[in-house]
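Below you'll find the structure, written out as structure tokens, and then a few comments.
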Amino acid sequence: MLFSKVTGHSALKKKLIANALEGRIAHTQLFAGPEGCGALALAIAYARYLRCENKTAEDSCGTCSSCIKMNKLVHPDVHFTFPAIKEDSKSKGLSAEYITEFREAFLQNPYLSLENWSDWIDAGNKVPSIYADEANEIIRQIGLVAVEEGFKIFIIWLPELMNVQAANRLLKTLEEPSDRTLIVLVSERPQDLLATILSRAQMQKIERYSVEECAQIVHSLSGAAIEKCQKAAEIAEGNASVARWLVENQDESDEQLNLFRSWMLACYTYNISDLISLTDQFHKLGREWQKGFLTYSLFMIRQTMLKNHQATLNRLTDTESAFLDKFARFFHPGNYETITTFVNDALLHIERNGNGKIIFFDASLLISDVFRKEKFARTTA
């Protein structure tokens, strides 16, 4: 991937290029940004640039032998580490066991998420991780001589999913890798990394995409109408991975609205039977769908506040507008932030591979409690 093919982040691109041309390259760098911000794509474009034989002041040439290898992610001196699973007792869960799948997944979707990756390798209920054996393999590879002249580059995607043994084994390597070696950690949750890892890496902060940038990305990847991409980007708040999923699952938008309507009604009436039924329904859906639904819920809750302030609502279907006409009155400044926090927390826990059934039911009870207290306050006023 060329820098020019990565949407946005122009200031950071210029910084990375300038540092490379001036030889100011920290041996361990941390590309840190939220899911769907293009951090992995940017790290791969950076690796391509460093390895390019005819780089310019703007980008890699795209035609040299190194760039041709990077087109398929097969450069012998650019190594990839990523979360994997142990399929059986004989498996070590090494990235090398899944490198073909990783190349295919990234080349098809440069804004790859952990959920996309888990689905790609049919992880099922197993949580992909970076194991201690993987750390040993990284250390072994770093000790080898480069196949071609130039940097040996190690891109570690989602290092926050390293288990403790793997993280501890890599500490010395991260601090003092061999000469002409670059390690790039690409993290969505740098706060989950060990402080000793953070202290050894130069931080490159990557911002979330704007709605407009995200919409253009999804439009180019999916070919969907730009209006649909804009709405998906707004719902996903700039997360290109979630926005693409929303566009590609557009047929399920009515199902999301129906579930959201039923959920809020059950919470408002404190109907435990319905909440249990909805929880079971939520639990049976895939993790990507769960994330998409909670993201959509946050979008709809935001729209209620806009409607209550008589703001113009954009990119809503007629069905959504009709629902908000009735629903918006239940939200106000006194409960908006609290309920938004509960849904945000649920989304965060789903992203961290928590149990969907427990997470959804807990959020439902918390939201119900907000509505119950308000109704009690009105009856006793």
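What follows draws every value from the coordinates through simple rules; no lab data is involved. Keep in mind that what you see is a predicted model, and the values were worked out from it rather than measured. Virtual Cβ from ideal backbone geometry, glycine too; neighbours counted across all protein chains shown.
The figures follow:
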| item | result |
| --- | --- |
| For the chain, the fraction of alpha-carbon pairs in successive 20 Å shells from zero, as % | 26, 51, 21, 2 |
| FRET efficiency for Val127 and Lys14, using Cβ-Cβ distance with R0 set to 35 Å, rounded to 0.05 | 0.40 |
| Inter-part distance where segment 307-375 and segment 80-121 are each reduced to a Cα centre, Å | 34 Å |
| Label point at Lys373 placed 7 Å out along Cα→Cβ; residues across segment 327-344 whose backbone nitrogen lies under 11 Å | 335, 338-339 |
| Other-chain or far-sequence residues with amide H under 5 Å of Ile156's (modelled H) | Thr81, Val184, Leu185, Val186 |
| Within the chain, percent of DSSP bridges classed antiparallel, to nearest 5 | 5 percent |
| Magnitude of the charge dipole, the chain, Cβ model with Lys/Arg +1 and Asp/Glu -1, debye to 20 | 640 debye |
| Estimated FRET transfer efficiency when R0 is 41 angstrom, pair Glu148-Ser273 (beta carbons, to 0.05) | 0.05 |
| Pairs beyond 22 Å (Cα-Cα), from Lys5/Lys55; Lys5/Lys69; Lys231/Lys375; Lys291/Lys357 | Lys231/Lys375 |
| Extension gain (nm, one decimal) between Ala57 and Glu87, 0.36 nm per residue minus Cα-Cα | 6.3 nm |
